[in-house]
Amino acid sequence: MLAIQQLRVEVGARVLFDGLSFVLNREDRISFAGPNGAGKSTLMKCIAGVIEPNAGRITRPKGCRTGYLPQDGIHLSGHSLWEEAESAFAEARSLQSEIDNRSHQLESLDPGNPPYSELLQEIGELELKLEHFDPSRIKPRIESVLGGLGFQREDFRRDCGEFSGGWQMRIAMAKLFLQEPDILLLDEPTNHLDVDAQRWMEIFLRDYRGAIAIISHDRSLLDELTNRTIAFERGQAAEYAGNYSFFVRESALRREILEKQYRAQQREIEKTERWINRFRAKNTKASQVQSRIKQLEKMERIELQEEEVTMNFTFPAPPPSAHCVAKLEGSAQRYGELTVFEDFNFEITRGQKIAVVGPNGAGKSTFCRMITGEEAPAEGSLELGSKVFPSFFSQTHADELEPRQTVLQTVEEASSRENMSHVRNLLGCFLFRGDDVFKEVGVLSGGERSRVALVRMLVRPANFLILDEPTNHLDMQSQEVLQEALNSYPGTIIIVSHNRAFLDPLVERTLEFRQGKSPSLYYGNLSYYLDKVAEKERIQSQKGATSGSASGTTTTRDGTITRKEQRRQEAEARQQRNLVLKPLEQRLEKLEAGISEFEAARETLTDHMSKPEVASDAEELRKASEAFQSVTTQLEKAYSDWSELSDEVENLRSKLEATRL
């Protein structure tokens, strides 16, 4: 579908990547991975045709349509939300208009003449093209996509200019999904989505019929969606035949193999140089010395890039607070006639780590402002415990920074004396390194300002942290640094986020906000919460199907299934499990055994290639490398087969469990 050939892109004197070549096939799911500034978004802009590469070319079949969603910069106005979404079908409207015009011309022609037949054929060809869009499905498709991304029906007639930046991005995403291009390019699509919209988007993308290239710092999304990874680092790009977690494992293994080969080659070089120096002065060894020198000159030297130093930080021990950190009693918040929530009772105790989730506008940020005392409740009371020192990070704080101050001055200004020595290290953890710390805040991008605001918040002495979407502008490494620091933080934490990979190891409770409902507390992390929500939806769906069907199910007057019918259903479920599920589970066990064998074989080959006598023997090293590549290919296929079969088994188990319920 699309071929990248020897692509090179330069930014000033810096080469982002060179000699990049890969093919994007139909229904591929590929992610671009790497630290911020490595060239991921630049490559995506090249594919989208926004910028031209310095060298190389991008080829695609005639008629191949590409759709691109940038990180930001979308500003729409002058049309209603519905009109903007409907414009995705402009081609369909144009085709229908042409068909109508030609049909009108047809009425004035003699059916017996050639022009009539020619025009009739043109109409037929246009109708074939129109069938692709299925005009009868345009309205329900628009409603489905807009609803899935969180828009309400009353929003449909609002002018796009009335929506904020995050919702503008959702409008652009909706329009792109409705266009259904052959290649979908998504640059950080989850940044402006809440947990419900992200769940819907993941399902939509999983079933998408075209190819997808995505940049995201949400590891869970990449692991679930993608099957290939292009990793960027230090002007190079390498391809991995798997999702993000596969890339992390495989890149570590490749580095380990390269280091072993490098050490073996260095030992061989030192040995050869010692021999040359020893016999250089002996005439009888002159020809052999020259031969060894030429051998060294021709040797293809293994270059080992220095690994980027991973910076870490830990919070200084916060002052102890009271057991009750914050308590809301009978609280409500209203803005004019809008009631965000009411009659809300909630207590946060020392050391708790709580995730806050829910659709945009349901009250998450309002709750954060209230719990820190920035905003007073309209009704009820808020009580902060004694010796509680809150520190709040909000996306809006980035806009409040002094533009003429440098990054370093901005952070040092907020830092306590105890934390002052940690400021440079902490800025480095969040991608401000070297002279970057002396940049003025006014010249930074929105994402960079957001990171400065986050660091500024982290250096304040506090025992109660409230973080509103802290990972939106952080790369994977910075997320891991923050996650590790928060994990070891002994204070109390509230985090508004939908990033599962970031939250799951960190939080033990999830507070859900829903419009028109009282907030609900789940005693588990984000994955636990999503499982419970999916379970509720499944039970609701089954209840609806049961009440609306005439399948002969025996129920009592109150709608419950009789014991006899329940036993019959359980027997059917067991039979179905034995007939269908058991063979799949046996295949899964065989695959797992095969994977273990391949992994053992690859480890053996790795050790073999690291031996000096193998590394110095070109033919033996070639054979070993080919064997290693063959085993790796088989292992990657086994991983892929295992992933597909595992999903199939899990889905079948869920269906059988749902039937039992």
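Since every read-out is calculated from the coordinates, none of them should be taken as a lab result. All figures in this text were calculated on a predicted structure; none of them were measured in a lab. Every residue, glycine among them, receives a Cβ derived from its backbone with ideal geometry; neighbour counts consider all protein chains shown.
Below are the figures for this structure:
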quantity: Relative packing of 91-99, 163-171, 468-476, which averages over residues the other C-beta atoms within 10 Å, highest first; calculated: 468-476, 163-171, 91-99
quantity: Above-threshold pairs, the threshold being 19 Å between Cα atoms, out of LYS364/LYS387; LYS327/LYS387; LYS590/LYS623; calculated: LYS364/LYS387; LYS590/LYS623
quantity: 5 Å-binned pair-distance histogram of the stretch 72-196 (Cα, whole percent); calculated: 2, 10, 17, 17, 15, 11, 8, 7, 6, 4, 2, 1, 0
quantity: The stretch 253-375, relative contact order in percent, only Cα pairs under 8 angstrom and at least six apart counted; calculated: 16 percent
quantity: For PHE393, PHE89, order by how many other beta-carbon atoms lie within 10 Å, fewest first; calculated: PHE89, PHE393
quantity: Solution diffusion estimate, µm²/s, Stokes-Einstein, the stretch 22-123, Kirkwood Rh from C-alpha pairs, 25 °C, viscosity 0.890 mPa s; calculated: 132 µm²/s
quantity: Base-10 log of normalised Debye intensity for the stretch 256-390 (one unit scatterer per alpha-carbon) at q = 0.09 Å⁻¹; calculated: -0.54
quantity: Rh (Kirkwood; distinct C-alpha pairs) - the stretch 247-298, Å; calculated: 12.8 Å
quantity: Volume per residue of the C-alpha convex hull in the stretch 324-533, rounded to whole Å³; calculated: 122 Å³
quantity: The stretch 133-238, dipole about Cα centre (Lys/Arg Cβ +1, Asp/Glu Cβ -1), debye to the nearest 20; calculated: 240 debye
quantity: Spatially proximal lysines relative to LYS40 (Cα-Cα < 27 Å; intrachain offsets below 8 disregarded); calculated: LYS62, LYS175, LYS439, LYS637
quantity: Contact order relative to length of the chain, as percent, for alpha carbon pairs under 8 angstrom and 6 or more apart; calculated: 12 percent
quantity: Fraction of alpha-carbon pairs over 47 Å apart in the chain - percent; calculated: 32 percent
